[in-house]
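Trainee: Mind looking over this structure? Questions follow.
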Amino acid sequence: MTNLPTAVSVDVPATAVFVQVLRNVVAGIAARLDLPIDQIEDIRLAVTEAASLLLEEGDATSLHMSVGRDGDTMEVTLTSDGRSDPWPTDRVTASWPWLVMQGLTDEVRADRAEGAGPSIGFTKGRERVDR
C-alpha cells in the first residue's frame, strides 16, 4: 500500500449533490492504497448508502467523513450534525441501504458520540485477488 496519512477527513453541506464529493474522496484514497477497482466501487457505493441514510434522518446541515487505514483495512465513518432520536432507528437497520452496506463491507455500525449527531461507519479489508 502507498504511504499515506493514517486519516483523512472532509466536511460537505448535507445535500444529495455533495454526496458525489464524498464518493470521489473515498475512491481517490482507496485508489492511492492500490485497492482493486471492484473494491473501490464497493467502498464508493457504501459511502453513497451511508450518506443517504444520514440525509433521510434528521435535519442535518453538514456531513463529515473520516477515512482511516490500519494496514490493509480502510475505516470509513460518516457523521451528520442532525438529530435523530433514537439512533439508529429500526427503519435504518432494516432498510435496503443498510443491507447493501452489509453486503459490500466487512462490518457496518451506527453510533452517536456524546453530544454529536448520528454516524454510520464501516470497515473494508483488502481482498486478495489472484491474477
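Trainee: From the phi angles alone, apply the Karplus equation (6.51, -1.76, 1.60; θ = phi - 60°) to the range 9-25 and give each ³J(HN,Hα) in whole Hz, x where the residue is Gly or Pro.
Mentor: The phi angles translate into 9, 8, 10, 9, x, 7, 9, 4, 5, 8, 4, 4, 4, 4, 4, 5, 4 Hz.
Trainee: Whole angstrom only: what separates the Cα centroid of the range 21-42 from the Cα centroid of the range 85-131?
Mentor: First find each Cα centre; the distance between them is then 17 Å.
Trainee: Let me ask something else. Output wanted: per-residue J couplings in Hz (rounded whole) for the range 54-66, from phi through Karplus 6.51 cos²θ - 1.76 cosθ + 1.60, θ = phi - 60°, x for Gly and Pro.
Mentor: 5, 5, 6, 9, x, 9, 7, 10, 8, 10, 10, 10, 10
Trainee: Could you calculate the FRET efficiency of Val21 with Arg83 from 1/(1 + (r/R0)^6), where r is the beta carbon distance between them and R0 is 30 Å, rounded to 0.05?
Mentor: Given R0 = 30 Å and the Cβ-Cβ separation, E is 0.80.
Trainee: Something else now. So if each residue of separation counts as 0.36 nm, and I subtract the Cα-Cα distance between Asp34 and Asp70, what length gain in nm does that give?
Mentor: 11.5 nm
Trainee: Give the relative contact order (percent, whole number) for the chain; include only Cα pairs under 8 Å separated by 6+ residues.
Mentor: Result for the chain is 26 percent.
Trainee: What are the semi-axes of the equivalent ellipsoid of the chain, taken as the square roots of 5 times the eigenvalues of the Cα gyration tensor, listed largest first and rounded to whole Å?
Mentor: For the chain, the semi-axes come out at 25, 15, 13 Å.
Trainee: When the Karplus curve 6.51 cos²θ - 1.76 cosθ + 1.60 is applied with θ = phi - 60°, which whole-Hz ³J(HN,Hα) does each residue of the range 88-104 get, with x for Gly and Pro?
Mentor: x, 7, 4, 4, 5, 6, 9, 7, 4, x, 5, 5, 4, 4, 5, x, 8
Trainee: Charges at C-beta only: +1 for Lys and Arg, -1 for Asp and Glu. How large is the resulting dipole of the chain about its Cα centre, in Debye rounded to 20?
Mentor: Computed charge dipole of the chain: roughly 300 debye.
Trainee: Starting with the fewest neighbours, write out Trp96, Trp87 ranked by other beta-carbon atoms found within 10 Å of each beta-carbon.
Mentor: Taking fewest neighbouring Cβ atoms as first place, the list is Trp96, Trp87.
Trainee: Quick one: order Asp85, Asp72 by neighbouring beta-carbon count within 10 Å, fewest to most.
Mentor: Ascending number of Cβ neighbours within 10 Å: Asp85, Asp72.
Quick note: the coordinates plus some simple rules give every number you see, no bench work behind them. On a predicted model such as this, the values are computed, not experimentally measured, just so you know. Cβ atoms come from the backbone with ideal geometry, glycine included; neighbour counts cover every protein chain shown.
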